[in-house]
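In what follows, a single structure is set out as structure tokens and then discussed.
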Amino acid sequence: MLKQTSDSPVGTLFIIIENAHITKISYDEPVNWEILAGEEGEIEIYQQLLEQLAGYFVGEREVFDLPIFLQGTAFQQRVWQALSEIPYGVVVSYKDIAIAAGSPKAVQAVGQANRANPIPLLIPCHRCVKSDGTLGGYNGADIDKKQYLLALEKGLRFS
């Protein structure tokens, strides 16, 4: 297992890679956090992640191509799959995701699945907003992170 951090324009990212798959990216430091060097394959995935994140944050990468492993309920898995299919720069509603996940009335549950997303950025839950166009929460993080990511994907640059 590899546990590392990385600075980013949206703050420090806490990253876990297990068995050469990314299993967690968090904006908040996990309880009992300790840096672990990891095995060779995990280090390679970590380096690829850093390279792809760097490309994303300068507007040169729209799609991530990394091995991930997601643990969650069947409903969460369907929601995360639907989120993964939202194109770069596109914003959809929680209702749109509920429909795509096969549960059109489960709008509130989609919000909960978004919050439980273990790999924000790679699973782009920031692209999901309320039906009225307001942003709603973002993976337990400050809403300014969601605003930043959406603006980045719209081509706005920050100084």
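Relative to the dominant Cα principal axis of the chain, helix 143-153 is inclined by about 90°. Principal-axis analysis of the Cα atoms of the chain puts helix 40-57 at an angle of about 50° to the longest axis. With both labels modelled 7 Å from their Cα along Cα-to-Cβ, the L50 to D65 distance reads 2.1 nm. In this rough spin-label picture, where each label sits 7 Å from Cα along the Cβ direction, the T73-L36 distance is 2.8 nm.
Taking one quarter of the surface of the convex hull spanned by the alpha-carbon atoms of the chain gives a direction-averaged projected area of 9.1 nm². Out of every Cα-Cα pair that region 74-153 contains, those further apart than 18 angstrom amount to 29 percent. For region 104-130 versus region 50-71, the spacing of their alpha-carbon centroids is 18 Å.
Label separation (R115 vs D144): 2.2 nm, computed from points 7 Å beyond Cα along the C-beta direction. Mind counting lysine pairs for me in region 1-144? Cα separation below 26 Å, and the two need to be 8 or more apart along the chain or on different chains. The number of close lysine pairs in region 1-144 is 6. For region 74-153, the share of accessible area belonging to carbon and sulfur comes to 51 percent (1.4 Å probe, ligands and nucleic acids excluded). Heavy atoms of the protein chains alone define the surface here; on that basis region 2-58 has 51 Å² accessible area per residue at 1.4 Å probe size.
The values are calculated or read from the model by the stated rules, or taken from the named source; none is laboratory data. Note that the coordinates shown come from a computational prediction; the quantities given were computed from them, not determined experimentally. Using ideal geometry, Cβ is built from the backbone for each residue, glycine included, and neighbour counts are taken over all protein chains shown. Each accessible area value is taken on the protein alone, full model and side chains, heavy atoms only, with ligands, DNA and RNA left out. Shrake-Rupley method; radii C 1.70, N 1.55, O 1.52, S 1.80 Å.
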